[in-house]
1. Give the range 199-218 a look and list any residue that's aliphatic (A, V, I, L, M) and either free of Cβ contacts under 8 Å to residues at least 12 places away in the same chain or buried (at least 20 other Cβ atoms within 10 Å of the Cβ) (or both), or say none.
2. Are there helices (runs of 4 or more DSSP H) fully within the range 1-114 with at least 3 residues that are closer than 22 Å to GLY403 by Cβ and either at pLDDT 95 or above or among the acidic types (Asp, Glu) (or both)? List them.
3. Please go through the range 222-249 and give me each residue that is assigned to a helix (DSSP H, G or I), hydrophobic (A, V, I, L, M, F, W, C) and under 23 Å from ALA146 (Cβ atoms), ordered by number.
4. Consider ARG373 against the criteria (1) within 16 Å of the ligand (Cβ to nearest atom); (2) modelled with pLDDT of 95 or more; (3) closer than 28 Å to LEU222 by Cβ: it satisfies all of them except one. Which criterion is unmet?
5. Between residues in the range 329-347 that are within 15 Å of THR218 (Cβ to Cβ) and residues that are among the aromatic types (Phe, Trp, Tyr), which pairs lie under 8 Å by C-beta distance while being six or more apart or on different chains?
6. Considering only residues that are in contact with a Ser or Thr (Cβ under 6 Å, 6 or more places away or on another chain) and either polar (S, T, N, Q) or without any contact (Cβ under 8 Å) to a residue 12 or more places away in the chain (or both), which ones fall in the range 110-143?
7. Counting only residues that are closer than 22 Å to GLY95 by Cβ and touching a helix residue (DSSP H, G or I) at 6+ places or on another chain (Cβ under 6 Å), how many does the range 394-415 have?
Amino acid sequence: MENVCGYATLKIEDKDVQLPIVVGTEGEKALDISGLRKNTGYVTLDPSFMNTAACYSQITYVDGEHGILRYRGIPIEELVKTESFVEVAYLLVHGQLPDLEQRKLFSSLLNVNSLLHEDMRHFFDHFPRGAHPMHILSTMINALAAFYPNVDTQSLSEDIDLSTARLISIVRTMAAFAYKKSIGEPVVYPRHDLTYCANFLNMMFDSSVAPYEIKPETVRLLNILFILHADHEQNCSTTAVRTIGSAQVNLYATISAGISALSGPLHGGANQEVVAMLRMIAEDGNIEKFIRRAKDKNDPFRLMGFGHRVYKTYDPRAVIIKKECHAFLKKAHINDPLLQVALAVEQAALNDEYFVERHLYPNVDFYTGILYRAMGIPENMFTVMFALARLPGWIAHWKEMLGGNTKIVRPRQIYVGKTPNKA
Ligand code: ACO
């Protein structure tokens, strides 16, 4: 059997059961329990999948103990130095960085598919003012299936490639349109002469009365932020994508489910919550009080942007983002008081026994919001930025799942409810 490196013996009642031990390319070991119920009648119980590998995957490697994150074997530290977001998107979806020809073809697909169907543009008029853009985005993406040919498990690979490019490109247009609508300005259409990130910034901020100056350092920063958010193996939203996709739902509905999962404050929604929290702490001025509250089990307050299911050390994405945050704000002569508060909160938490014992460090969301603020991105768009960046990751996992003959995801449960009265 593939990846099996030995067997573990499990004693259940009076029976010895052999469980295959599988090993990944980075040495991670797991017990394959897929035959357990058939052989013994037992299932395993693991609420919230704290200890369960749901699949084999070749896309992203995370080592939470050592703070390592690699896409297709390449460290993120290297990717942010040498690649653009579009190249990293290609890497995730296709398995390797594009050569010149592949890059040209991918860029032209992104370009040609960047326009939103005009009939869909009018949908934006009917959302109530103040609707959260993540809700608008998940609805709009679901609606794409009604306007464009569906792709699902049976589709040809060229059709999947086309839909992949369409999604990556069009969702960026939708996000910018949603913002323009929310501030009552006419939408700005995508331009063929701009790169992916420059185009997005232009659609967000350009207007006929105040032309937007596209600064290379802002474009570079957006590329870095998008690269760092592009995938993170089996997180909550990716698990949603793989789960929904396993029912052979079309790609658009599947991605819409990922967006919904990402919007939660414990997941991608945390970047918006962090800024709200920092502002609250800044207004109050008493950091120690909030550290106390975060530790109090009777208080629902948590330090947003802190802690992670997998990282038990500093999140490697947060290391890069913190550094970029200092550099960008300095270069742009921005003195954001929230950065000082964030640094002081981090310092206080990292010196506090509660956080040390539980290995709670800043995660990717802790400094991201401060950078988005500096770029002029409004707070209710922070999680949308995360969603744009995560699209290639979701699509890569959806494709991998299709290729892996995955069965429909359907966990078991342990029923503890009422039983029929037996007379
Ligand atoms: N503030 C205070 N205490 C915390 C925090 C926090 N941010 N995070 C975890 N803890 C405590 C828990 O209360 C728990 O304490 P206990 O052992 O005494 O009960 C312990 O640390 C372990 O935490 P869990 O909640 O069990 O860890 P889990 O892996 O389930 O949750 C999560 C991870 C959701 C990220 C959590 O750390 C959290 O809520 N953080 C704040 C929200 C956030 O920043 N989310 C973004 C995550 S990154 C992303 O999704 C992109």
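The values are calculated or read from the model by the stated rules, or taken from the named source; none is laboratory data. What you see is a predicted model, and the numbers here were worked out from it, not measured in a lab. Don't worry about glycine lacking a Cβ; one is built from the backbone with ideal geometry, like all the others, and counts go over all protein chains shown.
1. LEU201, MET203, MET204, VAL209, ALA210
2. 85-94
3. Hits for the range 222-249 are ALA240, VAL241, ILE244.
4. Answer for ARG373: the failing condition is (1).
5. Listed pairs, sorted by first residue: ILE334/PHE328.
6. ASN113, SER114, SER138, ASN142
7. Total meeting the criteria: 6.
Per-residue answers, yes or no, for (1) closer than 25 Å to ILE68 by Cβ; (2) within 13 Å of the ligand (Cβ to nearest atom); (3) buried (at least 20 other Cβ atoms within 10 Å of the Cβ):
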site: LYS322; (1), (2), (3): yes, no, yes
site: HIS326; (1), (2), (3): yes, no, no
site: ILE334; (1), (2), (3): no, no, no
site: GLN347; (1), (2), (3): yes, no, no
site: HIS359; (1), (2), (3): yes, yes, no
site: ASN363; (1), (2), (3): yes, yes, yes
site: GLY369; (1), (2), (3): yes, yes, yes
